[in-house]
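Structure, as structure tokens:
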Amino acid sequence: MKGLWVKDLLILASQWKLLIGFILIAGLNGVISGGGSNIFVFFFMVFFFMSLATTLIAYEQQNNGYDYLFTLPIKRSTYIWEKQLIMVTLAVFASVISIIVVFILSFLEASIIFNLTNLLYLAFGATLFGCFYGALAMPLIIRFGSENGRIVMFGMVALFIVGGVLIEKTNLFSGILQSGWFQQITQLTILPFAGLILILMALIILISAFASQRSLKNVLT
């Protein structure tokens, strides 16, 4: 697995100019939008890093890369878990960078308040979103390829959006927000909240790893 990590990290390091560009975009939006920009910074950065993570798979699919890669002493399960772990690492890294960006913006824009506790809640939420996005994208890209996988994924996201609109129109969303269990979650302190997020992340990763292994098996057979 060490060799896979080195390869992927070198590919990611070659994208440093793109990374700086996205950080500047997030920072500029923060200055323009003021105090309401923190959510955008976090989710924008996480989405960007997850998109980078999915390109790692796309690189390996090009020019019969799988045929070469799996002639090496690399198990399919090792490959899948390395990709899952690097996605989690990038989601966490994106949240850390977002906290740093908000900290810098708090000196440039008076309406932006640096509250570490609130930002940690936001960081855990953004990390969970990143893991969910990566968990959804990974088996689809492996199974259908980079371009087709993204089309399928965006189609599924569109279904989620339509479903969310329907839920909101039927007042089901309001009922969820007013339910007792949701109120208890919103009142959790940072440590129980972090524990809940970690449990959900572990569950998402396990499901995605199983689906990704099935997709990889179908591709290689």
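Here, each number is a calculation from the coordinates, and none is a lab measurement. Just so it is clear, the structure is predicted and the values come from calculations on it, not from any experiment. Note: ideal-geometry Cβ built from the backbone for every residue, glycine included; neighbour counts use all protein chains shown.
Laid out as a table, the results:
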{"quantity": "Estimated inter-spin distance, LYS7 and LEU120, nm [label 7 Å along Cα→Cβ]", "calculated": "3.8 nm"}
{"quantity": "Whichever lysines have a C-alpha closer than 16 Å to that of LYS83, once near sequence neighbours (fewer than 8 apart) are set aside", "calculated": "LYS2, LYS7, LYS75, LYS217"}
